[in-house]
Amino acid sequence: DDGPAQVEAVLRRAGDAETTLEREQDPRGWSSFGRTVWTLEAAATFYRALARGDLLGDDDTARVLDAMGRVIPEQRWGLGRLPGIRFKGGWGPSEDPGGGYEVIQVGIAGDAVMALAARAPDSEAAKELASKHVPQHQNAPQLRAACD
């Protein structure tokens, strides 16, 4: 009956001891959906636990990772350019006083987990910035020192 508490319990099982879901109404009338602050470190911790099979059974883990690999071409920017990567992203207006637009992505490539964030004046510029900083080499998922 308490969806946010249930999600937080999963985050705790994954090793994220700090993230709490946004429960308050936004004074601008926006939904609380997507407004939870989730650091890149916490997101990488969650996806690392997912990839290791710590959160779901083997079949469910395989299903989730498979779905994370079937992303439409329009959303294959940033980490999505890496062959064979499983990833999830988010985007929206920045809460920063300077404004702008933010994008984040977390990806799983083998046993490596990568996370990135970019902020720019608008959505397309943020996606371009994120893509610019992803290694474009065909063996990029093996570049763990820079990614994990």
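Computed extension length for D111-R70: 12.9 nm, one decimal, from 0.36 nm per residue of separation with the Cα-Cα distance subtracted. Sorting R63, R76 by solvent-accessible area of protein heavy atoms yields R63, R76, largest first, with a 1.4 Å probe.
Counting only heavy atoms of protein chains, what accessible area per residue, in Å², does the chain have with a probe of 1.4 Å? Write out the running numbers ahead of the final one.
Numbers: 9200 Å² over 148 residues.
Solvent-accessible surface per residue comes out at 62 Å².
Along the axis of the charge dipole computed for the chain (Cβ charges of +1 for Lys and Arg, -1 for Asp and Glu, origin at the Cα centre), the listed residues Y101, F46, M114 are led at the positive end by M114.
Set the Förster radius R0 to 22 Å, insert the Cβ-Cβ distance between D26 and D96 as r into 1/(1 + (r/R0)^6), and round the FRET efficiency to 0.05. That gives a FRET efficiency of 0.90. Here the chain exposes an accessible surface that is 52 percent carbon and sulfur, computed with a 1.4 Å probe and the other protein chains kept in place.
For segment 83-93, backbone phi angles converted through the Karplus equation (6.51, -1.76, 1.60; θ = phi - 60°) give residue-by-residue couplings of x, x, 6, 10, 8, 9, x, x, 7, x, x Hz, Gly and Pro being listed as x. Across segment 70-81, coupling constants 3J(HN,Hα) worked out from phi with the 6.51/-1.76/1.60 Karplus curve, θ = phi - 60°, read 9, 10, 4, x, 5, 9, 9, 10, x, 4, x, 7 Hz, and Gly and Pro carry x.
If the only charges are +1 at each Lys and Arg Cβ and -1 at each Asp and Glu Cβ, what is the size of the charge dipole of segment 1-128 around the Cα centre, to the nearest 20 debye? Each step should come with its number before you reach the end.
Values: 15 positive and 22 negative charges, 83 e Å.
So the dipole magnitude of segment 1-128 works out to roughly 400 debye.
Across Y101, Y47, the residue with the most accessible area heads the list, and the full order at a 1.4 Å probe is Y101, Y47.
The values are calculated or read from the model by the stated rules, or taken from the named source; none is laboratory data. Please read these numbers as outputs of a predicted model, since none were measured by experiment. Cβ atoms come from the backbone with ideal geometry, glycine included; neighbour counts cover every protein chain shown. In case anyone asks, the SASA skips ligands and DNA or RNA and just uses the protein heavy atoms, side chains included. Shrake-Rupley method; radii C 1.70, N 1.55, O 1.52, S 1.80 Å.
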